[in-house]
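These notes are about the structure you will find just below.
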Amino acid sequence: MKILMNIDSSGTSGAGQTPAVGSDLLPAGTFPRHLIDAIPSMVFVLDEGAHILEANRAAVELLGDRDSLVLRRLCGEVLFCVHAHETHEGCGTTTTCATCQVRQGAAAVIAGETLHRKLHRMRLAIAGHERDFAFLVTASPFDHGDRRLAMLVLEDVTELTALREIVPICAHCKKVRNDQKYWESVEAYLAPRLGLVFSHSVCPDCMATYYPDVREQP
C-alpha cells in the first residue's frame with residue numbers, strides 16, 4: 001500500500017512532529033533518481049533534524065521497503081540503531097547520539113561545510129540479531145528548492161576495518177583465528193572478507209628448501 005504524506009507550510013507532517021517526504025524530492029524515472037539508485041552503497045537524504053527524507057535502492061533492499069523508511073523517518077530508527085530506543089524520546093536524545101556521525105555529518109553540511117567524511121561504528125539490530133558495523137559516512141549538501149538538505153553515503157567497511165585490527169596468527173603453522181575462535185588458513189580467512197581469489201606458487205626460498213632438485217625456469 002502506498003503511503004502518501006504531505007508537507008504543510010511549516011515543513012512538518014500532519015501530526016506536526018516529523019518532516020514528511022515530498023513527492024517531488026527525487027521523482028521516479030528522473031536522472032537524479034537513477035543516479036542514486038546506481039550507487040551500491042546506502043544513500044539517504046536527511047534534513048536538519050536527521051529525518052530520513054529519501055533513500056536509494058541499496059538502502060531499501062537492506063533495510064526494508066521505501067514506505068517503511070518513510071514511516072520510520074528518524075535515522076536511528078531507519079538504520080535499526082540499538083540506541084534509538086534507549087530513551088522515551090528516542091533517536092537524537094541518547095548519550096550516544098552526540099557522537100553519531102550520521103547526525104553530525106548531516107548537520108555539518110547543512111550548516112555550510114562542503115564535505116564531511118568520517119568513519120563511524122554502529123551497533124545495529126537487523127532481523128532480530130545485533131551486529132557491529134563500521135561505516136564510512138560521507139555527507140554533502142543537497143539543495144532542494146530553497147531548502148538545504150544533506151545527502152549521505154554509508155559505505156560498509158566493516159570487514160576492512162576488522163582486517164586493520166590485530167588478527168591472531170599461529171607462530172608455527174600461520175593459521176589465523178577467526179571471530180568464531182576457529183583456526184583457518186590465511187587464504188580461507190581473507191578470501192570472503194576481501195573477495196580475493198588465490199593462486200598458489202612456490203617462492204624461491206621454499207623452492208630451494210623443499211625442491212632443491214627442481215630447477216627454476218627462467
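Here, each number is a calculation from the coordinates, and none is a lab measurement. Predicted, not measured: the structure shown is a model, and the values here were computed from it. No Cβ is skipped: glycine too gets one built from the backbone with ideal geometry, and neighbour counts run over all protein chains shown.
Judged by the gyration tensor of its Cα atoms, with axes a ≥ b ≥ c, the stretch 120-162 is oblate; a/c meets the 1.5 cut and b/c is at least as large as a/b.
What relative contact order, as a whole-number percentage, does the stretch 31-157 give when Cα pairs under 8 Å and 6 or more residues apart are counted?
Answer for the stretch 31-157 is 24 percent.
Structural descriptor for the stretch 166-210: relative contact order 19 percent, calculated from alpha carbon pairs under 8 angstrom and at least 6 residues apart. The residues Asp37, Asp205, Asp146, Asp132, when put in order of fewest to most other Cβ atoms within 10 Å, stand as Asp146, Asp205, Asp132, Asp37.
Under the criterion of Cα pairs below 8 Å and six or more residues apart, the relative contact order for the stretch 136-201 equals 19 percent.
State whether the stretch 166-210 is rounded, prolate or oblate according to the following rule on the C-alpha gyration tensor (a ≥ b ≥ c being the square roots of its eigenvalues): a/c under 1.5 gives rounded; otherwise a/b larger than b/c gives prolate, and the remaining case gives oblate. The shape class here is oblate.
Our summary of shape: the Cα atoms of the stretch 134-189 have principal axis extents of 64, 16, 15 Å, ordered from largest down, in whole angstrom.
Equivalent-ellipsoid semi-axes for the stretch 55-195 (Cα gyration tensor, √(5λ), whole Å, largest first): 34, 18, 15.
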